[in-house]
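Chemist: My structure is below; once you've seen it, I'll send some questions.
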Amino acid sequence: MASYYDIDDILVEEEIVSVIFQKAASGVGIDPSSETDFIEAGSKVELPFWLAHELQLRQAVSVNVPPCFNQKTRLEIQADCACVDLRSRCPYFYEFGCKIAPIVGDRTIGFLLLSAFKNRYKEVLTKAHTATIAVGSKFWTILTKEEINLYETAQSAMASFKKWRMGGARFQIASILGRKRKPTE
Amino acid sequence: MAGQSDHELSLFSAEELEFIAEDEIVDIVPNLKMDPLCLISGDFGPFTPQIVTQVPLWLAIALKKRGKCSICPPQWMTVEKLTQVLEVERDSQEMSEHLPFHYVEISRLLFDHARDNIPDAYMVRSLIEDIRDVRFHKVETDLEGFNGRTIAVKIKNLSAMEVNIVRPFIGRALQAFYKHDSSELIPDPERAPDRRPQVAHNAPRRQLRR
């Protein structure tokens with residue numbers, strides 16, 4: 001499980017979802033556009049995920065499927081997964097998907113995530129170990145956070161191997177050694 | 001993700017692998033006379049000029065640095081052998097078994113310290129580089145086969161350095177696949193029962209690629 005202090009996990013829960021209030025609520029300043037502190041039942045409000053989740057548990061709201069999992073995105077992912085810019089849609093596409101699926105009760109999101117990751121993984125794999133930094137940086141911009149992590153692990157492993165192969169300074173000089181002795185009076 | 005720090009994922013650095021590879025035995029021709037060395041890992045020597053003896057690579061390099069011996073390159077490190085290996089590697093998707101586990105490290109150490117003892121050093125070096133590239137490409141092809149069902153990969157005759165390069169990547173990728181494939185999202189009546197027992201008593205693993 002993700003740890004309490006995991007910054008990524010916190011950021012995932014900051015994602016905005018749109019919800020529909022099932023009950024009327026008063027005395028809440030959730031909706032900045034409304035003039036009063038009163039929310040009528042049936043009104044549509046955008047909330048961060050963590051709040052929507054808590055309200056949903058109390059059956060105060062019903063959560064809509066966020067736009068990054070809507071039909072249009074799905075079609076794009078089916079068409080050419082590797083080129084879809086998931087980062088601009090949702091930088092935490094996979095993590096968010098895992099969290100939102102049980103809440104909106106949509107079983108197909110799980111399959112969507114798996115198939116998207118499976119296809120995009122191949123792209124990451126072929127580019128990660130071979131591409132140079134310059135080529136890579138262009139490719140980077142469409143990856144989600146998780147894919148970037150994967151990409152960076154591969155790159156750093158390759159970089160450290162290359163560094164070793166090139167050689168260079170084998171031993172580090174202990175900080176105490178290079179120093180000049182202080183002149184003794 | 002999932003709080004994995006880097007040092008957990010990549011267990012060895014290239015330098016550490018090099019250190020391990022230094023325990024491999026090589027032939028040397030000493031040019032000094034010395035009594036056998038009795039070390040914990042075994043007795044090496046006696047050293048008599050022009051008589052071939054076997055020592056670990058680190059000792060060979062130490063002697064070489066002092067100009068006390070010449071190192072005989074291992075049998076696989078010749079132009080003919082390597083050309084053969086390269087052909088075999090190019091022909092099949094299988095990894096060839098003719099190279100030692102530490103071939104990347106051994107060749108690099110020998111090139112660094114005993115370049116003058118390797119005939120056709122330049123050729124040998126470029127052959128080894130080629131072989132490494134071909135093999136690495138194969139590893140990547142094998143890894144492309146990953147999908148949610150994968151719980152392990154089997155690649156025969158992978159060398160120490162090759163496995164070390166891909167280790168962190170594979171770890172993370174498998175972790176991600178496992179997460180997305182696990183049925184924790186919404187319990188699925190069909191899949192839940194067939195997953196559970198496998199986790200419970202490590203039943204025979206599913207047959208994977210090759």
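Chemist: Using 1/(1 + (r/R0)^6) with R0 = 45 angstrom and r between the beta carbons of A:LEU57 and A:ALA79, what's the FRET efficiency to the nearest 0.05?
Modeler: Computed FRET efficiency for A:LEU57 and A:ALA79: 0.80.
Chemist: Quick check: residue separation of B:ARG66 and B:THR141 times 0.36 nm, minus the Cα distance between them. What number comes out in nm? Please list the in-between numbers first.
Modeler: Working: separation 75, 0.36 × 75 = 27.00 nm, distance 4.45 nm.
Net length gain for the segment: 22.5 nm.
Chemist: Could you quote the convex hull projected area for the range B:74-182, Cα atoms only and averaged over all directions, in nm²? Walk me through the intermediate numbers first.
Modeler: Working: hull surface 27.7 nm².
If you wrap the Cα atoms of the range B:74-182 in a convex hull and average its projections, you get 6.9 nm².
Chemist: Where in the range A:83-106 does the label zone of A:ASN64 land, with the point 7 angstrom along Cα→C-beta and an amide N cut-off under 15 Å?
Modeler: Output list for this probe position: A:104.
Chemist: Hey, another quick one. Can you give the mean number of other chain Cβ atoms that lie within 10 Å of the Cβ atoms in peptide A:86-97?
Modeler: For this peptide, the per-residue mean of nearby foreign Cβ atoms is 1.
Chemist: Which order, highest average first, do A:92-102, B:89-99, B:130-140 follow once you tally other Cβ atoms within 10 Å for each residue and take the mean per peptide?
Modeler: In descending order of packing, they fall as A:92-102, B:130-140, B:89-99.
Chemist: How large is ³J(HN,Hα), in whole Hz, for each residue of the range B:122-133 in order, when computed from phi with the Karplus curve 6.51 cos²θ - 1.76 cosθ + 1.60 and θ = phi - 60°, using x for Gly and Pro?
Modeler: 5, 4, 4, 5, 5, 5, 5, 4, 4, 4, 5, 5
Chemist: Using only atoms on other chains, find how many Cβ atoms lie within 10 Å of each Cβ of peptide B:106-115 and report the average.
Modeler: So the per-residue partner count for this stretch is 1.
Chemist: Translational diffusion coefficient of the range B:13-72 at 25 °C, 0.890 mPa s, Stokes-Einstein with Kirkwood Rh over Cα pairs, in µm²/s as a whole number.
Modeler: 210 µm²/s
Chemist: Could you give me the radius of gyration and the Dmax of the range A:66-166, taking only the C-alpha atoms into account and expressing both in angstrom?
Modeler: 15.1, 53
Chemist: If the cut-off is a Cα-Cα distance under 19 Å, which aspartates and glutamates reach A:LYS145, setting aside same-chain residues fewer than 8 apart in sequence?
Modeler: A:ASP6, A:ASP8, A:ASP9, A:GLU13, A:GLU14, A:GLU15, A:ASP85, A:GLU95, A:GLU123, B:ASP6, B:ASP181
Chemist: Grab the Cα-Cα distance for A:PHE111 and A:SER3, subtract it from 0.36 nm times how many residues apart they are, and report the gain in nm with one decimal.
Modeler: That pair, A:PHE111 and A:SER3, stretches by 36.4 nm at full extension.
FYI, it's all coordinate maths here, none of it is from the lab. No experiment lies behind these values; they were computed from the predicted model shown. Counting neighbours? That spans all protein chains shown, and the Cβs are built from the backbone with ideal geometry, glycine included.
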